[in-house]
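Sharing a structure, written as structure tokens. Questions coming.
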Amino acid sequence: MLLRFYKGSILFTLVCLALAAGYGWMQTGTMSGTLSLLWIVFVLSILEISLSFDNAVVNAAVLEDMDEVWQKRFLTWGMIIAVFGMRIVFPLAIVAIAAGLGPIEALTLSLNDPKRYEEIVSSAHVGIAGFGGAFLAMVGLSFFFDGEKEVHWIKWIEEKLAVVSNIKAAEIALLLLTIYAISLTLSADDALTFVISGVLGLVTFIAVEALGTILEMRDEAQKAAGMVVRSGLGGFLYLNVLDASFSFDGVIGAFALSNNMVIIALGLSIGAMFVRSMTIMLVQKGTLSEYRYLEHGAFWAIIALGAIMLLSARYHIPETITGLIGAAMIGLSLWWSVRHKRNNPDTEIEAAIRAD
């Protein structure tokens, strides 16, 4: 049953491994060198999956509220954006902007001088950390700063956050104070870059939320007029920006294993495909409604990832820790959900009836 969700990802993986083997043989001319590159591709794919599992859960939560047409568009067009745009075009764009190069020159540099390419991408880490960290932090905080949220997992803090949410823009103030505090530990130039990128990440979140609200208002007006509603553009844009923010740490972290753009793109693309398959499985199997606290665990993992990205502007935090924190939050919320389901069977049955 589960295999049907992953057939496409498995086929895509075999194609990528075949391409990696051919590329490895061309580059090294030895079996050991080729196997070494294949191993790096495999490890990169595992890294991407471990860092993005919480992304799959959040994607599924948003997709459940989207109509079928936009679901399919996200799972097809969004895949192209995630694989080609973020794993290939994004690092090249960083190099082109940072080094003042054209797109072709940046591509040539990535293929002919991967060490210099890695140095340029890494030099842009402060800006990436500020933007991606701020956006992810707002995604997580907005879930918990919600006075209408009735289900709480970690009650002693989630209930308090729900109450504090009555203070308008409290989560924005918390994020801005965090960005300012971290900027005080950086050099003057890095601090300016970090603050500007963090504010841009915040503005991007607000802009996407605003667009989603406008589209929802239009949809409600169309429903009231008896028109057929097929809009899901707001959710589509939100998910793609969220995907981009999630991929920042994976792209940067990949350079710890290889500075070869081709190997990085192949490894991260395999991971991105499996995350998409997980998203489809969660939506079609209704896993989020079945496991009460799984979504909470995912959003706590997002807050942790956002905090780690913001702190990484000053401190080096291994990707292993980032992946383990996310996996631990998801695992704990899943276990807690199973325990609640076992101890409260009547409540679960009533929830299922209400969902139907």
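What relative contact order, as a whole-number percentage, does the stretch 1-107 give when Cα pairs under 8 Å and 6 or more residues apart are counted? Could the numbers behind the result be given before it?
Numbers: 31 pairs, mean separation 12.3, N = 107.
Reported relative contact order: 11 percent.
Something else about it: Mean residue ellipticity at 222 nm from the helices of the chain, using -39,500 (n - 2.57) per DSSP H segment of n ≥ 4 over the full residue count, to the nearest 500 deg cm²/dmol?
Working: 16 runs with 288 residues, N = 356.
Taken over the chain, the calculation gives -27500 deg cm²/dmol.
Still on this model: Quick one: pull the percent of accessible area on the stretch 32-185 belonging to carbon and sulfur, 1.4 Å probe, ligands and nucleic acids left out. Walk me through the numbers on the way to the answer.
Working: 5030 of 7440 Å².
Reported share for carbon and sulfur atoms: 68 percent.
Using only the alpha-carbon atoms of the stretch 102-172, report the extent along each of the three principal axes, biggest first, to the nearest angstrom.
Its Cα atoms span 55, 23, 17 Å along the three principal axes.
Still on this structure, please answer the following. Quick check: the angle from helix 90-99's long axis to the longest principal axis of the chain, C-alpha only, nearest 10 degrees?
The answer is roughly 60 degrees.
Next question. So how strong a dipole does the chain carry about its Cα centre when Lys and Arg Cβ are +1 and Asp and Glu Cβ are -1, to the nearest 20 debye?
On the way: 22 positive and 31 negative charges, 122 e Å.
Value, rounded to 20: 580 debye.
Let me ask you something else. Past the 22 angstrom mark, what percentage of all C-alpha to C-alpha distances in the stretch 1-96 do you count?
So the portion of pairs separated by more than 22 Å is 45 percent.
Take the Cα pairs of the chain, get the Kirkwood Rh, then feed it into Stokes-Einstein at 10 °C and 1.306 mPa s and tell me D in µm²/s. Please list the in-between numbers first.
Details: Rh = 21.6 Å.
Translational diffusion coefficient: 74 µm²/s.
Additional query: By how many degrees, 0 to 90 and rounded to 10, does the Cα axis of helix 3-28 deviate from the longest principal axis of the chain?
Result, in degrees: 20.
If you don't mind, there's one more thing I want to ask. Which loop-located trypsin sites (Lys or Arg not before Pro) does the stretch 128-173 contain, where loop means any DSSP state but H, G, I, E or B and the Cβ has at most 14 other Cβ atoms within 10 Å? Display every interim value, and only then the final one.
Working: sites: Lys149, Lys155, Lys160, Lys168; in loops: Lys149, Lys168.
When the trypsin sites (Lys or Arg not before Pro) of the stretch 128-173 are filtered for loop state and at most 14 Cβ neighbours within 10 Å, Lys168 remain.
Give the range of the longest stretch in the chain that excludes all GluC sites (Glu not before Pro) found in loop regions by DSSP and having at most 11 other beta-carbon atoms within 10 Å.
Details: sites that count: Glu148, Glu150.
My reading of the result: 151-356 is the longest stretch.
Greater than 23 Å separation of Cα atoms is the criterion. Which listed pairs, Lys7/Lys285; Lys149/Lys341; Lys72/Lys149; Lys168/Lys341; Lys160/Lys285, meet it? Write out the running numbers ahead of the final one.
Details: Lys7/Lys285 16 Å; Lys149/Lys341 19 Å; Lys72/Lys149 28 Å; Lys168/Lys341 35 Å; Lys160/Lys285 32 Å.
Table pairs above 23 Å Cα-Cα are Lys72/Lys149; Lys168/Lys341; Lys160/Lys285.
Separate question: Taking the stretch 1-57 as the region of interest, what is the percent of Cα-Cα pairs per 10 angstrom bin, listed from the shortest bin to the one with the maximum distance?
All Cα pairs considered, the percentages come to 22, 41, 27, 10, 0.
Okay, next question. Rounded to the nearest 10 degrees, what's the angle between the helix 345-355 long axis and the longest principal axis of the chain, both from Cα atoms, 0 to 90?
Around 80 degrees separate the two axes.
Rg and Dmax of the stretch 33-166 over Cα atoms: what are they, in angstrom?
19.7, 59
Taking Cα pairs under 8 Å and at least six residues apart, what relative contact order does the chain come out at, in percent? Write out the running numbers ahead of the final one.
Details: 433 pairs, mean separation 120.7, N = 356.
So the answer I get is 34 percent.
In nm, to one decimal, how far is the Arg339 label point from the Val203 one, both placed 7 Å along Cα→Cβ?
4.5 nm
The values are calculated or read from the model by the stated rules, or taken from the named source; none is laboratory data. Computed from a predicted model, the values in this text were never measured in an experiment. So basically every Cβ, Gly included, is an ideal-geometry build from the backbone, and we count neighbours across all protein chains shown. Ligands, DNA and RNA are excluded from the accessible area calculation, which covers all protein heavy atoms including side chains. Shrake-Rupley method; radii C 1.70, N 1.55, O 1.52, S 1.80 Å.
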